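Written below as structure tokens is the structure these notes are about.
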Amino acid sequence: MKEELKIYLYRLWPVLLLVVGVPLLSFLIWLLIPSKQLEVLVVDKTVRDESYREHAGLFWTLQHQKYKKKTGETYVTGRDYFGFFPNGKADYGVTKDLNGRSQDELRKLVSDSDLVYFADTYGVYEADFDDSTRDERSKKIYGGMDKADLELVRLAEEEGKVLVAEFNSIASPTPTAIRNEFENLMGLKWTGWIGRYFDELDTLVNTDIPSWMIRQYQRQHERWNLRGPGLIFIRDSGQIEAFLYQEDYGNQVPLIRTQKVNKHGFKLPEVVPYPDWFDVVMIERDYEVISYYDINPTNKGLQRLRAMGLPRFFPAAVVRHLDGGSQYYFSGDFSDLQGPFGATHFFGLPVLWKGLYVATDYTDRQSFYWNYYYPLIRQVLKKTAQEKKAG
């Protein structure tokens, strides 16, 4: 019996090494990597629950890459941001933002920061806390960019800091005057259009299409007689248009394309499908395009885009370098991710996840995170740290 047990254990040791040894080695390597100091100021007004999905991906990256505050503290997802904090009570939550702070207080916040990140300012609505009305438009509880946020953008540029903003920072419910000033400060212009991909537009098959979207389309086009994969474009004026796969465009899912060799040095997959919300913006000449959207419109689709005032390609991620700092804009809900990331303290874990989640699998949001957003934001953080050191 003892001999049989020895033989069994001998055969089992490679498995034990794989299950126990590799994770242990990965953990030890991570522990030996020195931490780095980086001050990151995050604004997220769209926090519906404790998943913190609009900035959780950013914080996972900060923790995994061992970026810490100057106090030596690790970034905590549920604490270290400005915006809305849900509490599960009748008042839904509390706000902790920049409103009411003096000019000197705002300047000190920016001066003490290396990176200012606007994850999402869309806000929270009553329907977010009521499952029975989740697909309906409802009363706003809190949200939208305001004057204090604008001042943060202005001071970040003045102080030579790195600023990142992504969808939705300036679309509804941000007031037009605030949006216009943000566009002037950032050197970009929103076309007024946002879009989203649906893998099935037949409402009998896909019950996740919001009711308000269907009613809005029916008011303008009489019937929602849409079938198959498609893109829905919505303008701030209320205009709504549907692009059908193969009839109006050729890439079933919008693709984010990145040149393999680019002058800004970002190493990203050349093609990644993106099936979520995006906005269409125009950028000034001093911006460099990191990545762009490509829906491959047909001749009919191209004519429709032109009639809507939209270009053939849409910017997805752009950057411009100013005196001492940089401004980034991500035209998509890139950091939005709900689900398990895995423990942050294992070296090489992103490589493992990237191998498990194939870039072409657009049905799993994790795939987009590990193949595009994580390497993008990791490189932004690295470049920010290098700019800080050089400065």
Inset, instruction - Could you give log10 I(q)/I(0) at q = 0.14 Å⁻¹ for the range 18-104, computed by the Debye formula over C-alpha point scatterers of equal weight, without solvent? - result: -0.64
Inset, instruction - Quick one: order VAL164, VAL94 by neighbouring beta-carbon count within 10 Å, fewest to most. - result: VAL94, VAL164
Inset, instruction - Take PHE167, PHE266 and order them by how many other Cβ atoms sit within 10 Å, fewest up front. - result: PHE266, PHE167
Legend entry - the range 179-270: C-alpha gyration tensor shape, a/c 1.5 cut-off, then a/b vs b/c: oblate
Legend entry - Charged-residue dipole, Cβ positions (Lys, Arg, Asp, Glu), the chain about Cα centre, Debye nearest 20: 1000
Inset, instruction - Tell me what the chain gives for mean residue ellipticity at 222 nm when only DSSP H runs of n ≥ 4 count, each as -39,500 (n - 2.57), the sum divided by the residue total, rounded to 500 deg cm²/dmol. - result: -9000 deg cm²/dmol
Inset, instruction - Enter the Cα centre distance for the pair the range 264-288 and the range 39-60, rounded to the nearest angstrom. - result: 21
Inset, instruction - Would you work out which of ILE214, PRO86, SER35 lies farthest towards the positive end of the dipole of the chain? Charges go on Cβ: Lys and Arg +1, Asp and Glu -1. - result: SER35
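If we sort 187-193, 28-34 on the protection proxy, mean other Cβ atoms within 10 Å, highest first, what's the order?
Top of the packing list down: 187-193, 28-34.
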Inset, instruction - Give the Cα extents of the range 261-344 along the principal axes, in whole Å, largest first. - result: 47, 38, 22
Legend entry - Euclidean distance between Cα centres, the range 290-324 to the range 183-243, Å: 17
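Given a cut-off of under 8 Å on Cα pairs at least six residues apart, what relative contact order in percent is computed for the chain?
Numbers: 708 pairs, mean separation 67.0, N = 391.
It rounds to 17 percent for the chain.
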Inset, instruction - Pull up the DSSP beta bridges for the chain and report the antiparallel fraction as a percent, rounded to 5. - result: 70
Inset, instruction - Binning at 10 Å from 0, report for the chain what percent of all alpha-carbon pair distances ends up in each bin. - result: 4, 21, 31, 25, 12, 4, 2, 1, 0
Legend entry - Exposure proxy order (Cβ contacts within 10 Å, fewest to most) of MET282, MET213: MET282, MET213
Legend entry - Net dipole in debye of the range 201-292 [+1 Lys, Arg Cβ; -1 Asp, Glu Cβ; about Cα centre; nearest 20]: 120
Inset, instruction - Run the dipole for the range 62-135 about the Cα centre, Lys and Arg Cβ at +1, Asp and Glu Cβ at -1, nothing else charged, and hand back the magnitude in debye, nearest 20. - result: 580
Inset, instruction - Please sort 348-354, 56-62, 139-145 by packing, taking for each peptide the average over its residues of neighbouring beta carbons within 10 angstrom, highest first. - result: 56-62, 139-145, 348-354
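A short reminder: the numbers here are calculations on the coordinates, not readings from a lab. Worth saying up front: this structure is predicted, and the values here are computed from it rather than measured. Please note: Cβ atoms are built from the backbone with ideal geometry, for glycine as well, and neighbour counts cover all protein chains shown.
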